[in-house]
Amino acid sequence: MEEVIYKVLIAGIDTLEIGYCIARYQLSEEEWEMLKEAKESAQSTLYEKGSSVRFRGYDFMVLRTGFGRYKFILSNEDLDIRIYVDARSGEHFPELKVRFRSQFLWRHNWKEAVRKVDEWLRTWAYVTQVKISRIDITADIMGKLPMLSLELREVVTRARKRRAFGTYERYSDGYEPSGYKLGKNDLSCRIYDKTKEVSISGKKWFENLWGKKDWKKGKVVTWVEFQCRRKVIRMMQIETLEDLLLKVPDLWRYLTVEWLTIRIIQNDSHRTRWPITGFWQVVQSAGSCFGETVGVSRLKQMKANKDILERNLRGYVLGLAALAMKSLPGSDVAYGRSYVAYFLEGVLEDLNFEQEVQKRKHKYDSMEY
C-alpha cells in the first residue's frame, strides 16, 4: 500500500460566535427608526427575507423576524448580528450576539477580523464584557481521509460518542466513509474529505487558499474541525478577546494532544501507549499556524451530580437532627425535625443566599460535561 504524505495547508478559525454585554447603545433615534422600518418593510410581504440598509458604514439586511429576545437581526456575507434593544450590561444575557461567517474569517485572517469588528461595534455600543460562546477551529491537511476500523479503535478520546458519518460510497473493497464525527454538544470533532464538500457547497474560494500552499487541483484535502462551545471555552480559561487571541494555540494543543488522538493499533491493552499515526502527527503540528503556546491547560473539574448532593444533604439533615436531640436530653424526633427546619429557614433567608447560589452556579457551569 502506498504511503500517504500529509501536509498542513491552512489552519484557522472557521466559525466564531461572541456575545457582547452592553451598558448603553450610542445610536440615534433615526438609526433605531431605520431598523424598525426595514423590519416592518420585510414583514409587509410574503417573500422578502429582509430589507437592505446601510448601517454604520456597512450594508446589511434587516431580517423580517428576530430571534427570541433579540428584536433585530442584521445579516450580510460576513456577519450575523442579533440585537436586544434594552441594554442592561449583560444582567441576564449578552445584548449583542455576533456570528462571524467562514469566508470573512478566512479572507481577513481571523485575528484581524475579530479586531476589526470589535473596534466597529464599540463605535455604537458601550461594551462592558465580552463572552466567547463558540469556536470552530480547523486545519486543512493535504492527503486523503485516513481509513479507520469500523469500531474506530484507533481513536483515543475523552469523548463519549463517536460514529462514522456522511455518505458511504461503494468501492471494490467495500464501503468507505466520507468522514467521522466524535463527541457531541459542548465539544465535537469532524474529520472529512473537504474537496468533496467544496464541490457540493460551491465554496471554491477554499481552493484559492489551498493553491497558495502548493495545492494542485485533483489533490484530496482532509478537513479536521473541532467545535467548542462555551463550557469548553471557559474550561480553557478563554474569557475575553485578549484570551482568545492569545490562547488559541493552547486550545489546539489540548484538542489534538489530550482530548483526541488517532493511533496505530497495537496488542498493548493501554491504548494511550499506541504510537500516533503520521496523519495525526501532522494535525498536531498545525498548532504552529496559530502561534506559540503560553502554557494554558484545561481546568480540571469534578462532575456536578445532583443525586449525590441530595443523598449527602439527607445524611447531614439526619445527623443534625440527631445531634440536636442529643444536646437536649429528653427531647424527641419532633424537636430534631423542628431544629433542622429552623436552621434551613435561616440559610434560605440569609441576605447573601442569592449571591452564594450564583457563585455555585458559576462553578457548576464550567464543570466537565
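Before moving on, here are some points about what is shown:
- Number of the exception - TYR126 against (1) assigned to a strand (DSSP E or B); (2) at pLDDT below 95; (3) under 22 Å from MET34 (Cα atoms): (2)
- Residue check, GLY19 within 27 Å of the chain's Cα centre (by Cα) and free of Cβ contacts under 8 Å to residues at least 12 places away in the same chain: no
- Selection count, region 334-358, where residues are more than 42 Å from the chain's Cα centre (by Cα), of a type outside the set (Ser, Thr, Tyr) and either modelled with pLDDT under 90 or outside the structural domain of LEU323 (by TED's automatic domain parsing) (or both): 2
- The set of residues in region 67-98 being surrounded by fewer than 16 Cβ atoms within 10 Å (Cβ to Cβ) and in contact with a Cys (Cβ under 6 Å, 6 or more places away or on another chain) consists of SER89 alone.
- Residues (surrounded by 10 or more Cβ atoms within 10 Å (Cβ to Cβ) and hydrophobic (A, V, I, L, M, F, W, C)) located in region 197-217: VAL198, TRP205, PHE206, LEU209, TRP210, TRP215
- Residue within region 100-107 that is touching a helix residue (DSSP H, G or I) at 6+ places or on another chain (Cβ under 7 Å) and either closer than 24 Å to GLU33 by Cα or in a loop (DSSP other than H, G, I, E, B) (or both) present: no
Quick grid of which residues meet (1) touching a strand residue (DSSP E or B) at 6+ places or on another chain (Cβ under 6 Å); (2) modelled with pLDDT of 90 or more:
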{"residue": "GLY202", "(1), (2)": "no, no"}
{"residue": "PHE206", "(1), (2)": "no, yes"}
{"residue": "GLY218", "(1), (2)": "no, no"}
{"residue": "THR222", "(1), (2)": "yes, yes"}
{"residue": "PHE226", "(1), (2)": "yes, yes"}
{"residue": "MET236", "(1), (2)": "no, no"}
{"residue": "ASP250", "(1), (2)": "no, yes"}
{"residue": "TYR254", "(1), (2)": "no, yes"}
{"residue": "LEU260", "(1), (2)": "yes, yes"}
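- Applying the condition of being under 17 Å from PHE226 (Cα atoms) and either in contact with a helix residue (DSSP H, G or I) (Cβ under 7 Å, 6 or more places away or on another chain) or among the aromatic types (Phe, Trp, Tyr) (or both) to region 10-35 and asking which residue is surrounded by the fewest Cβ atoms within 10 Å (Cβ to Cβ) yields THR15.
- Condition met for THR272 (closer than 23 Å to LYS7 by Cβ and either more than 15 Å from the chain's Cα centre (by Cα) or not assigned by TED's automatic domain parsing to the domain that holds GLU17 (or both)): no
The values are calculated or read from the model by the stated rules, or taken from the named source; none is laboratory data. Computed from a prediction, not measured in an experiment: that's the story for all the values here. Methodologically, a virtual Cβ is constructed for each residue, glycine included, from the backbone with ideal geometry; neighbour enumeration extends over all protein chains shown.
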